[in-house]
Structures are given as structure tokens and as C-alpha cells.
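Asks: Have a look at this one.
Here, each number is a calculation from the coordinates, and none is a lab measurement. Predicted model, so just to flag it, every value in this text is computed and none were measured. Here the Cβ positions follow ideal geometry from the backbone for every residue, glycine too, while neighbour counts run over all protein chains shown.
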């Protein structure tokens, strides 16, 4: 399997990500309709805990491995061996701690005893996620995105099939068991992904690393230090974000309880934001994730040779590739928030929040490439500091704003949006100071105007024009008109990715 250029790698991951996102959307629709608002509320209460524990278990290894492997061809086996040892040990430790702390976490912090069984079920998932993420990171370091793309697709397909089976089997015993079924389905999906990755890894060793063997190798303390030197700062940044997210439902439930909400109503309100609105807003994230995964190795190589101009090229490409689809998606979401929510989830719950949050999430779509760039240019520690400061401010804002009865759950929304603006802005400042990168002001202004113009066009058409008697067909037709107008303005303003740009980001 050959290495791909950044453009090729991004394209592979975008296509796979699009298919995966569609499959994930199908899975979410199935889960939402089977579990209902109550079940989704329970799942979203434990979701931040799952993210936090996954971050602990992986210890930043998915970031460290691509960087180290892209720089050191002769030490790949040792890097992979060290990473596997660290990941399995940390997963075991976290699982043991979870087993003994799940009950008090469910009863006293989340204030919902129904979350106990789902929390216990997370343990086996940690091992699977850690192993699959390490194998995917290995291939990313070799700039080969096919294994990651294929394994992710298989994972989603298996998850959907198993999810339908488990939920239908377990739901008659209660909604709690239905939630547990979704976690078991995730474990099955990860196991399928691991199987595919191991097969491709062995095939890669046979074809591209002839003479290499899979026998145990002698590891030194320096091997562990090399991996930990990059993984720990990256872990710190992700850990802070995950811990902040872990505290989120706890703070929401506790604060809303203080102003008169019950645990059940608090869970539903939090589920409306984090279980319905946020997934809609995060739909384009598979594109930014693809861009992020593709630019780390080449930026790391360019930084090692002090080729800042090449890094600027990678960043410009990453931002353009991120903006083109996410900008259009934001416009369409702002025009039809109620209709799209109803279409996908069969409920309008959370649609009121979309119009407020969507414009700010344009900045969020740039966060991935920025964070990856900071890690590739050895600024992971400063990224961690930024995340720490923003998380502290976010938590303080949540506590203050959620206790205001007139704001209630909007206190959470305001805090989340501030966090996005702060992190994106500060990361840009760090990159600018480190490598002298500046965004094209004309492109920023043109992009903002394009979004504003197409949004107003869409709102006008949806309010005054009725091209079809069927509301769904009318919405689709207006979305097509807006999309054509958006792409036309993108091309006119020179924001469409060009051949020159894509060739400039090929790796050496």
C-alpha cells in the first residue's frame, strides 16, 4: 500500500467519512427512535464519562504515533510496541477504577441511578477503542489512509446491525438495558474494526517492510520517553477538554435542580442540546477530521526541515477544504433548522438552539486543523494551556449562567459558544507567532459575505416562494438553489480549491 499525498489522503478520508457519517446518522436515527428522549437523555449523561475515560486510556497515543512514525522509519516497531503496552496498561487501570466508582458517580454526581449499568458496560469498550486508535494512528504515520477509512466503515456497518439486534432484544427489560445494548454494539463495531486493521497491518508488513519480523523486540526507557514526550502534552489538552465535558452534565443537572427542575426534566433538556442539537452541528466534522488526520505527518516533516512556507501551504489548503462544505452546511441548517431536525430524528426537540449555535460552529470547524498543526510544530503544551484556561472559564460561566432561571439551559449554550471562540482565536494567535502564518483577510471577508448572502436568499425563498405543494420537495428545491448560489459565489471569489493548491500540498 502506497503513501498518499495530503490531498489524496484527505479525499480518501472525506469519502469514507461521508459514508460513515451517513451510516452514523442512520444508527443515531434508529437509536433515537427506539430509545426515545428518555433513553437518549441517559445515554448523553454517560457520554462525557466515556469520552473522558477513552482519553485517559489512550493517553494521547493517536497523536504521538503518526508524528513519531513519520519522522523515524527505523523505529516503527518499537514505537508501536511501546504504544500498545502503555495503552493496554492504562485501559486496565481505568476499567478497574470505573468498576469501583460507577455507583457513586451515577447516584451522587449524575443524580440518576439508571446510569449505573451503562457506566459499568464502558470498561471493555476502552480496550477496543485504544487498540483500534493505535493501529489507525500507525497507518496515518505512514500516510496510508485506506486502512483507517475501510476499518471505520466496517465498524459502523457492524455497529448498526448489532445495535438493532441488541436494542430490540434488551429494550423490553427497560430503557436502561436498551442503552447498555448501544454500548455493546459499539464494542462489536470496534472488534470488527480491529480485525480489519490487524489483517491490513500484517499485509503491510509483508509488502512494504520485507525482512521485518513480529517477534518481541528489546525496549529501552528512551523508547518510552520518546512516545510519552509527545503523548502526554496531547493527552493533557484532550484530558482537560474531556474532563470539562465530563463535568458538563453534572453541573447542568445540579444547577437546574437548584432552580426547580427535576432530574428527569434536566436530563431531557441536556439531551436536547447534546443529543440532538450538537450532533446536527457536528455533521461536517468528518471533513475537518479527515483534513486534520492528513496534515499532521507532512506538517511535522516540514517543521523538522524548517520549511515554514510549506506549512503555510498545508494550512491554507486545510482551511479551504474545511470551509467549503461546512459553510454550505451551516447556511442550510440556519435556513431549515426545524425541518431538518424533524426529518432526521422525527422530533423538533433542540431545533430552537440550532439557529443560535450554527454561526459560531463555523469557527469550530477550523479548530481541528489548528490543533493538529500545533501538535505537529511542537506546541502541544501551549494548546493544552489554552484548553485549560478556556475550560476553567467555561465551567465558571456554566455555574453562573445556569443558575439564572430565565436562561436555564441557555447558560450551557452560551458557555459552549464562548469556549469555541476563545480556543479558535487563541490557537490562531499561537500559530501566527510561531511560524508567521496569517489568514487571507480578503478570503475571510468574502467567506463571511457569501454565508450571509446565501442565508438571506434561502430565508427569503422559504418565506415567500412555494415551488411545490409538497413541503419536503419545496425544501429540497430551495436547498438546491442556495447550494448553486453558494458554489457560484465561492468560485467567483476565488475560494474554491484549485489544482495549484492541491498540487502544492503533495508530500515529498
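Asks: So for each of 325-335, 20-30 I average, over its residues, the number of other beta carbons within 10 Å; can you give me the resulting order with the highest mean first?
Replies: 325-335, 20-30
Asks: A further question on this structure: How many angstrom lie between the C-alpha centres of region 326-382 and region 294-321?
Replies: 24 Å
Asks: Compute the relative contact order of the chain as a whole-number percentage, counting only Cα pairs closer than 8 Å that sit 6 or more residues apart in sequence.
Replies: 20 percent
Asks: Please work out how much length the chain gains when fully extended from residue 29 to residue 309, using 0.36 nm per residue of separation minus the C-alpha to C-alpha distance, in nm with one decimal.
Replies: Additional length available on full extension: 96.3 nm.
Asks: Over region 283-507, what is the mean sequence separation of C-alpha contacts under 8 Å (at least six apart), divided by residue count, expressed as relative contact order in percent?
Replies: Dividing the mean separation by the residue count of region 283-507 yields 26 percent.
Asks: While we're looking at this one, here's another question. Rounded, prolate or oblate, given the Cα gyration tensor of region 283-507, with a/c below 1.5 counting as rounded?
Replies: Taking the square roots of the gyration eigenvalues as a ≥ b ≥ c, region 283-507 is oblate.
Asks: May I pose another question? Quick one: if you stick a label point 7 Å off each Cα along the C-beta vector at residue 168 and residue 481, how many nm between them?
Replies: Output for this residue pair reads 4.2 nm.
Asks: To the nearest 0.05, what FRET efficiency results for residue 108 and residue 338 with a Förster distance of 45 Å applied to their C-beta separation?
Replies: Efficiency, from the Cβ-Cβ distance: 0.75.
Asks: Separate question: For region 1-206, what does the alpha-carbon gyration tensor say about shape, rounded, prolate or oblate, given a ≥ b ≥ c as the root eigenvalues, a/c under 1.5 as rounded, and a/b over b/c as prolate?
Replies: Oblate, because a/c is 1.5 or more while a/b does not exceed b/c.
Asks: Students often get this wrong, so try it: which of [x] 26.4; [y] 24.1; [z] 21.5 is mean projected area of the Cα convex hull in nm² as calculated from the structure shown?
Replies: Correct label is [y].
Asks: Would region 68-165 count as rounded, prolate or oblate if I go by the C-alpha gyration tensor, calling it rounded below 1.5 in a/c and otherwise prolate when a/b exceeds b/c, oblate otherwise?
Replies: oblate
Asks: How high is the relative contact order of region 1-206, in percent, with contacts defined as C-alpha pairs under 8 Å that are six or more residues apart?
Replies: Across region 1-206, relative contact order equals 30 percent.
Asks: For a Förster distance of 25 Å, can you work out the FRET efficiency between the beta-carbons of residue 51 and residue 439, rounded to the nearest 0.05?
Replies: 0.25
Asks: Separation between the residue 472 and residue 150 pseudo-spin-labels, each 7 Å from Cα along Cα→Cβ, expressed in nm?
Replies: Reported label-point gap for residue 472 and residue 150 is 3.6 nm.
Asks: Any idea how far apart residue 100 and residue 464 come out in nm if each label point goes 7 Å out from Cα toward Cβ?
Replies: 6.9 nm
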